[in-house]
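What follows is calculated from the coordinates using simple rules that are stated; it is not laboratory data. Remember, it's a predicted structure, so these values are computed and weren't measured experimentally. FYI the Cβ positions are ideal-geometry reconstructions off the backbone, even for glycines, and counts take in every protein chain you see.
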Amino acid sequence: MKKISFGILFFISSIVWAAPDWIKAQVVKVEPERHRIVLNHENIKSVGMNAMTMLFDTSPKLDLKSYKVGDSVRFQIKINDGVLEVIALEKMP
């Protein structure tokens with residue numbers, strides 16, 4: 001029983017402390033006033049999602065005003081109340 005409990009605790013702690021992956025994408029649409037962005041993104045391995053174009057909510061602390069359609073970016077996500085939310089966004093050279 002102790003081995004199982006330790007294994008579960010280790011697994012949960014590794015998920016919590018693992019750094020989110022950076023995902024490459026291209027900006028399709030930006031809605032700064034609504035804290036939303038549409039991205040054409042590559043596969044997101046951490047959640048088992050294929051490459052696609054989709055709308056994401058963003059963290060209110062992200063300033064989307066500096067992004068425009070066609071920008072190449074990379075981003076990180078987290079699951080917030082069952083919804084994918086962009087928590088970090090950076091322009092790519």
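I need the trypsin sites (Lys or Arg not before Pro) found in segment 13-93, filtered to DSSP loop residues with at most 16 other beta carbons within 10 Å of theirs.
K61, K68
Suppose each label sits 7 Å from its Cα in the direction of the beta carbon; what would the I79-S66 distance come out to in nanometres?
Going by the 7 Å Cα→Cβ label model, 3.1 nm.
In terms of the Cα gyration tensor, with a ≥ b ≥ c the square roots of its eigenvalues, is segment 21-91 rounded because a/c is under 1.5, prolate because a/b exceeds b/c, or oblate?
Taking the square roots of the gyration eigenvalues as a ≥ b ≥ c, segment 21-91 is oblate.
For T53, project a label point 7 Å along Cα to C-beta. Then give me every residue of segment 25-39 with its amide nitrogen under 16 Å of that point.
From segment 25-39, the list is 25-31, 37-39.
Lysine pairs in segment 21-91 8 or more apart or on different chains: how many have alpha carbons under 16 angstrom apart?
11
To the nearest 20 Debye, how big is the dipole of segment 21-91 about its Cα centre, given +1 on the beta carbon of each Lys and Arg and -1 on that of each Asp and Glu?
For this selection, approximately 160 debye.
Go through segment 81-93 residue by residue and turn each phi into a ³J(HN,Hα) via Karplus (6.51, -1.76, 1.60, θ = phi - 60°); whole Hz please, and just put x for glycine and proline.
3J(HN,Hα) across segment 81-93, in whole Hz: 6, x, 10, 6, 10, 6, 10, 8, 8, 9, 6, 9, x.
Normalising by the residue count of segment 21-91, find the relative contact order in percent from Cα pairs under 8 Å and 6+ residues apart.
Computed value for segment 21-91: 33 percent relative contact order.
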